[in-house]
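Student: Here it is, the structure, as structure tokens.
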Amino acid sequence: MTIWTDTMDNTLYTPFGPILMKGVMSDELHTALLKKSEDSRNPDNDFRHHLAGNLTEEYRLNFSNEEKESVYAELLDLAQTYMLEAKKEKRIKKFGRPKIKDLTIVEPIWVNYMKAGEWNPSHFHAGLISCVAYLSVPEEIEIENVEAEHSKQSNIPSAGRIQWTYGESIQFSETYFTQIPKAKDIWFFPAELKHYVYPFKSDVERVSVSCNFK
């Protein structure tokens, strides 16, 4: 797997064909998304029937024009960086026609409150690029991957991990890429790239925000 870091300290991964990028949210963006998520946590914003997740709480986030100026600006800047760095990868012969300056956010942005026993099945998103930003990731989930009996007895401990899949399963190649997210991580990837999130057993709540770009 090729891994490299650009001048803005975003880390790019090529575990298979598509490129993924892990960035880090600014404190300002993290705080703004966390506050908006809590403000939107009510039945009027229930967004579950639009999503694949088997979760009890998923809400759409409604931003004022003033809030969009700062929140959308950083998300777009990171997504544009992802496109720019992906285009630099020499082995990609055909990137397509999208122009970086024309990138926009597909509304709405939504928040996922994931609890013990909940999961996100294999799915993909609409648009050109997707991202998932982690606002809160309790350390119990990472500990579960190491210390829990079901993890210690497995050769692929996966509690609470996100996994992207691509390609056929053949010799001398990789078809999946798995990560344990951390708070303030923000991952960018092609919207059509299949991914899913494994359940965890710890009695905690993980909060993430997702959005798409076109």
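The values are calculated or read from the model by the stated rules, or taken from the named source; none is laboratory data. Values in this document were obtained by computation on a predicted structure and should not be read as measured data. Cβ coordinates were reconstructed from backbone atoms using ideal geometry, including for glycine residues, and neighbour counts include every protein chain displayed. For the accessible areas, the whole protein counts, side chains as well, though only heavy atoms, and no ligand, DNA or RNA atoms are used. Shrake-Rupley method; radii C 1.70, N 1.55, O 1.52, S 1.80 Å.
Student: Looking at this structure, is LEU20 touching a residue at least 60 places away in the same chain (Cβ under 8 Å) and closer than 23 Å to ALA191 by Cβ?
Tutor: For LEU20, the condition - touching a residue at least 60 places away in the same chain (Cβ under 8 Å) and closer than 23 Å to ALA191 by Cβ - is met.
Student: Take the residues in the range 30-64 that are free of Cβ contacts under 8 Å to residues at least 24 places away in the same chain and among the acidic types (Asp, Glu), then tell me which one is surrounded by the fewest Cβ atoms within 10 Å (Cβ to Cβ).
Tutor: ASP44
Student: Same structure, new question: Taking GLU69, is it loosely packed, with under 15 Cβ neighbours inside 10 Å and under 21 Å from PRO181 (Cα atoms)?
Tutor: no
Student: May I ask you to list the residues in the range 39-70 that are assigned to a helix (DSSP H, G or I) and under 24 Å from TYR198 (Cα atoms)?
Tutor: Within the range 39-70, ARG48, HIS49, HIS50 meet the criteria.
Student: Would you confirm whether any residue within the range 41-55 is aliphatic (A, V, I, L, M) and farther than 30 Å from GLY167 by Cβ?
Tutor: Checking the range 41-55: not a single residue is aliphatic (A, V, I, L, M) and farther than 30 Å from GLY167 by Cβ.
Student: Here is a follow-up. Answer yes or no as to whether SER202 is surrounded by 18 or more Cβ atoms within 10 Å (Cβ to Cβ), part of a strand (DSSP E or B) and among the polar types (S, T, N, Q).
Tutor: Taking the combined requirement at face value, the residue does not satisfy it.
Student: Please specify each residue of the range 110-164 satisfying the condition of being at pLDDT 90 or above, in a helix (DSSP H, G or I) and open to solvent by 10 Å² or more (accessible area, probe 1.4 Å).
Tutor: Correct list: GLU139, GLU140, GLU142, ILE143, GLU144.
Student: Of the conditions (1) assigned to a loop (DSSP other than H, G, I, E, B); (2) of a type outside the set (S, T, N, Q); (3) within 30 Å of LYS99 (Cβ to Cβ); (4) in contact with a strand residue (DSSP E or B) (Cβ under 7 Å, 6 or more places away or on another chain), GLY167 clears all except one; give me its number.
Tutor: Exception for GLY167: condition (4).
Student: Sticking with this structure for a sec: Check TYR82 against each of (1) open to solvent by 10 Å² or more (accessible area, probe 1.4 Å); (2) at pLDDT 95 or above; (3) under 14 Å from the mean Cα position of the chain (by Cα) and name the one condition it does not meet.
Tutor: Just one mismatch for TYR82, condition (2).
Student: Being over 28 Å from HIS150 (Cα atoms) and open to solvent by less than 40 Å² (accessible area, probe 1.4 Å) is the filter here; which residues of the range 190-199 pass it?
Tutor: Of everything in the range 190-199, those that are over 28 Å from HIS150 (Cα atoms) and open to solvent by less than 40 Å² (accessible area, probe 1.4 Å) turn out to be PRO190, ALA191, LEU193.
Student: Would you tally the residues in the range 175-189 being within 11 Å of the chain's Cα centre (by Cα), buried (at least 17 other Cβ atoms within 10 Å of the Cβ) and part of a strand (DSSP E or B)?
Tutor: Matching residues across the range 175-189 total 5.
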